[in-house]
Amino acid sequence: GDSVTQMEGPVTLSEEAFLTINCTYTATGYPSLFWYVQYPGEGLQLLLKATKADDKGSNKGFEATYRKETTSFHLEKGSVQVSDSAVYFCALSDRTGNQFYFGTGTSLTVIP
Amino acid sequence: NAGVTQTPKFRVLKTGQSMTLLCAQDMNHEYMYWYRQDPGMGLRLIHYSVGEGTTAKGEVPDGYNVSRLKKQNFLLGLESAAPSQTSVYFCASSHPGALPQPQHFGDGTRLSIL
């Protein structure tokens, strides 16, 4: 079945460091891919998405490119801030949009 | 601008008790979902609904029931709570579309079963 595997955490970075959180997926057909962010005590919020191969999703300085050849959707940010501290989830949805599959989440802490 | 609202936010139950979690959305979304979030396991889909009066099982449906009598509400029931159901429960909603649309999440219900 469809699934998402993402990098184990926790990740601790200094402010202004480069961030990469790896995400790979297994799916039949052509899924849509998403990154969500969860701040403490809150629900998940959409960070970015990509719906077809080679699409790049971007938001708030974060980017991820849909790589069909490597079945990956790695999240990157060039310079992290303390306010980026959160848990990040990679997710996919099949074409029906009925079901989403989430990774286990990667906790990021950015220290000043 | 409420979005997705879950009630209650916290609850402690004893084993064998029953309760219902309520999810309400004001975005006129067709699709609604219930997930549970456990440490190291991410989010797992319990049940979902693609429209009023319809429900379907997700990945981990056992021990839960749901109802979607009104489009804006999606109820999750635990008939006989067990300690294994201690978790944080999230409701989400989305629109159908030509391509999958992002889900909008509530802030969660933290449930402890003693």
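Under a point spin-label approximation (7 Å from Cα along Cα-to-Cβ), what is the A:VAL82-A:LYS68 distance to one decimal in nm?
Result for the modelled spin labels: 4.4 nm.
For a quick check, take a GNM of chain B with Cα springs below 10 Å and name the residue from B:LYS71, B:LYS57, B:LYS14 with the largest mean-square fluctuation.
Most flexible of the set in this elastic network: B:LYS14.
So if we plug the beta-carbon distance of B:ASN65 and A:GLU8 into 1/(1 + (r/R0)^6) with R0 = 45 Å, what FRET efficiency do we get, rounded to 0.05? Display every interim value, and only then the final one.
Values: r = 34 Å, r/R0 = 0.76.
Taking R0 as 45 Å, the efficiency between B:ASN65 and A:GLU8 is 0.85.
Tally Lys/Arg at +1 and Asp/Glu at -1 over every other residue whose Cβ is under 12 Å from the Cβ of B:PHE10; what's the total?
Working: positive: B:LYS9, B:ARG11, B:ARG110; negative: B:ASP107.
Local net charge: +2.
Kindly state, as a whole number, the per residue volume in cubic angstrom of the convex hull around the alpha carbon atoms of segment A:1-61.
124
Please arrange B:VAL50, B:VAL66 by counting, for each residue, the other beta carbons lying within 10 Å of its beta carbon, fewest first.
By the 10 Å Cβ count, ascending: B:VAL50, B:VAL66.
Bear in mind that the values in this text are calculations on the coordinates, not laboratory data. Values in this document were obtained by computation on a predicted structure and should not be read as measured data. As a convention, Cβ positions derive from the backbone with ideal geometry for all residues, glycine included, and neighbour counts pool all protein chains shown.
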